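See below for the structure under consideration.
The values are calculated or read from the model by the stated rules, or taken from the named source; none is laboratory data. None of these values were measured; they are calculated from a predicted model. Reconstructed Cβ throughout: ideal geometry from the backbone, glycine too, with neighbour counts over all protein chains shown. Protein only, heavy atoms only, side chains kept; ligands, DNA and RNA dropped before computing areas. Shrake-Rupley method; radii C 1.70, N 1.55, O 1.52, S 1.80 Å.
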Amino acid sequence: MSTQKKVALVVGAQGVIGRNLVDHLATLGDWDVIGLSRRGGAPSGRVRHVAVDLLDRTHCREKLSGLTQVTHIFYAAYQDRPTWAELVPPNLAMLVNVVDAVEPVARGLRHISLMQGYKVYGAHLGPFKTPARENDPHHMPPEFNIDQQAFLEERQKGKGWSWSALRPSVVCGFALGNPMNLAMVIAVYAAISKELGLPLRFPGKPGAYDKLIEMTDAGLLARATVWAATDERCANQAFNINNGDLFRWNEMWPKIARFFDLEVAPPLPMSLDVIMADKEPLWNALAEKHGLERHPYKDVSSWRFGDFVFAWDYDVIADGSKARRFGFHEFVDSEEMFLRIFADLRRRRIIP
């Protein structure tokens, strides 16, 4: 890696992906980091934060017009909406607003990294061709990930910067107030089950318990993202990034239950978004009882996302060999990842 100073603009810096990317960049000696989010954050070392409404084009220009030293944009922002079609306008607009504000003033811009996912392959729609590969044909729109990439491909023509697209599976790591945090879903579900004296039941669809699935560790993804943004071989390429192993919930679930000293009972299909809606008083009492850090219930629960993932009654896997062929060889054991994250949540006093 070059020793020349690089300036990273991490868009979506408080999410599970962006937060871990900021933390990783902060450990590297030749990066300064600017994090963008709605909430902002306190500066630390070579990291500073900017609070900005990415949907407000004027606000973006006002807040970002001074970021003339940015060399790399890492885009990991996301706005949730009720339908696939409604996801497109805000998620495309945020990317366009950032690029429109920064590209004209950042004369040394070298790379724009786009965070995607298996939605590119239609994984959210139903059984899809597996293992998915980066050159698979797109599916019928709407799909904001595809629109975002098309925007970057067109914008990059004739420019001195390049782009890359990272396609992780379900990303697991530490973050609060994030709508897509499966590890937190499982941890809070297990803690409440234990408090109620219940076994840990898999709540997903019939059939989801024994299908193949894979995960992406947030730390692994951060390292792969920086690699793809700084290795010239990766210019204008997309990469599937996953841990490198596959599992079935029927094997992983008992190992998770063991961590929480829980028994496992047969799966029982139920919507976590519905069944956990009344558990806020219980969670607050549990936090008081165990001396946990006080975080709003909504910030430690992502029940809709849990329902989404646990409804996959088909294999959800993608071929990660392209990244290896291009030079990224890291991998993570998914069982170790879950247990490490749960232990970290305990250390942070997020869960008992």
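Compare the Cα positions of Thr225, Ile256, Pro127 along the charge dipole of the chain (+1 at Cβ of Lys, Arg; -1 at Cβ of Asp, Glu; about the Cα centre) and return the one farthest towards the positive end.
Comparing the listed Cα positions along the dipole, Thr225 ranks first.
Can you match Cα extents along the principal axes in Å to one of these, (1) 60, 43, 38; (2) 75, 69, 37; (3) 67, 51, 40, based on a calculation from the structure here?
Answer label, from the structure shown: (1).
What's the percent breakdown of Cα-Cα distances in the stretch 1-61 across 10 Å bins, shortest bin first?
Cα pair-distance distribution for the stretch 1-61, in percent: 23, 51, 22, 4.
For helix 16-27, what angle does its Cα long axis make with the longest principal axis of the chain, in degrees from 0 to 90 and rounded to 10?
Long axis of 16-27 versus the principal axis of the chain: about 60 degrees.
Along the positive direction of the dipole of the stretch 223-289 (beta-carbon charges: Lys, Arg +1; Asp, Glu -1; about the Cα centre), which of Gly244, Pro269, Trp283 reaches farthest?
Value computed over the given set: Gly244.
Which residue, Ser113, Ala235, Thr68, has the largest displacement toward the positive end of the dipole of the chain when charges sit on each Cβ (Lys, Arg +1; Asp, Glu -1)?
Towards the positive end, the residue furthest out is Thr68.
Classify the stretch 34-191 as rounded, prolate or oblate, taking a ≥ b ≥ c as the square roots of the eigenvalues of its Cα gyration tensor: rounded when a/c is under 1.5, otherwise prolate if a/b is larger than b/c and oblate if not.
Oblate shape, in that a/c is at least 1.5 and b/c is the bigger or equal ratio.
In degrees between 0 and 90, to the nearest 10, how far off the longest principal axis of the chain does helix 182-195 point, with axes built from Cα atoms?
20 degrees
As I understand it, the value is the acute angle between the Cα axis of helix 334-347 and the longest principal axis of the Cα atoms of the chain; what does it come to in degrees, rounded to 10?
Once rounded, the angle reads 80 degrees.
Can you run phi through the Karplus equation (6.51, -1.76, 1.60; θ = phi - 60°) for the stretch 137-145 and list ³J(HN,Hα) in whole Hz, with x for Gly and Pro?
x, 5, 9, 4, x, x, 7, 5, 4
Viscosity 1.002 mPa s, temperature 20 °C: Stokes-Einstein D of the stretch 215-274 from its Kirkwood Cα radius, in µm² per second?
143 µm²/s
Quick one: the Cα spread of the stretch 239-310 along its three principal axes, in angstroms, biggest first?
39, 33, 25
Roughly how many Å is it from the Cα centre of the stretch 132-204 to that of the stretch 72-86, as a whole number?
10 Å
Using the basic label-point model (7 angstrom from Cα toward the beta carbon), what is the Lys289 to Arg248 distance in nanometres?
The answer from the label model is 3.5 nm.
What whole-number value in Å² describes the accessible area per residue of the chain for a 1.4 Å probe?
Per-residue accessible area for the chain comes out at 43 Å².
I need the peptides 243-250, 107-114 ranked by packing, meaning the mean over residues of other C-beta atoms within 10 angstrom, with the highest value on top.
Listed from highest to lowest mean packing, they are 107-114, 243-250.
For the chain, what's the relative contact order in percent, using C-alpha pairs closer than 8 Å and at least 6 residues apart?
18 percent
Quick one: which of Lys211/Lys289; Lys6/Lys255; Lys129/Lys194; Lys159/Lys322; Lys205/Lys279 span more than 30 angstrom between C-alpha atoms?
Long pairs (Cα-Cα over 30 Å): Lys211/Lys289; Lys6/Lys255; Lys129/Lys194.
Could you check the simple spin-label distance between Leu125 and Asp210, using points 7 Å along Cα→Cβ, in nm with one decimal?
Going by the 7 Å Cα→Cβ label model, 2.8 nm.
Let me know the shape class of the stretch 152-309, please: from the alpha-carbon gyration tensor, a ≥ b ≥ c as square roots of the eigenvalues, rounded when a/c is under 1.5, otherwise prolate if a/b is greater than b/c, or oblate.
It is prolate, given that a/c is not under 1.5 and a/b is the larger ratio.
Taking all protein chains in place and a 1.4 Å probe, what share, in percent, of the accessible surface of the stretch 280-352 do carbon and sulfur account for?
Here carbon and sulfur together make up 52 percent of the probe-accessible area.
Could you go through the stretch 71-87 in sequence order and give the Karplus-derived ³J(HN,Hα) for each residue, using 6.51 cos²θ - 1.76 cosθ + 1.60 with θ = phi - 60°, rounded to whole Hz, and x for Gly and Pro?
After applying 6.51 cos²θ - 1.76 cosθ + 1.60, I find 10, 9, 9, 10, 9, 9, 7, 7, 10, 7, 9, x, 10, 4, 5, 5, 6 Hz.
What part of the accessible area of the stretch 56-99, given as a whole %, is carbon or sulfur when the probe is 1.4 angstrom?
Accessible surface attributable to carbon and sulfur in the stretch 56-99 totals 53 percent.
Taking the Cα centre of the chain as origin and charging only Cβ (+1 Lys, Arg; -1 Asp, Glu), how large is the dipole, in debye to the nearest 20?
My answer is approximately 780 debye.
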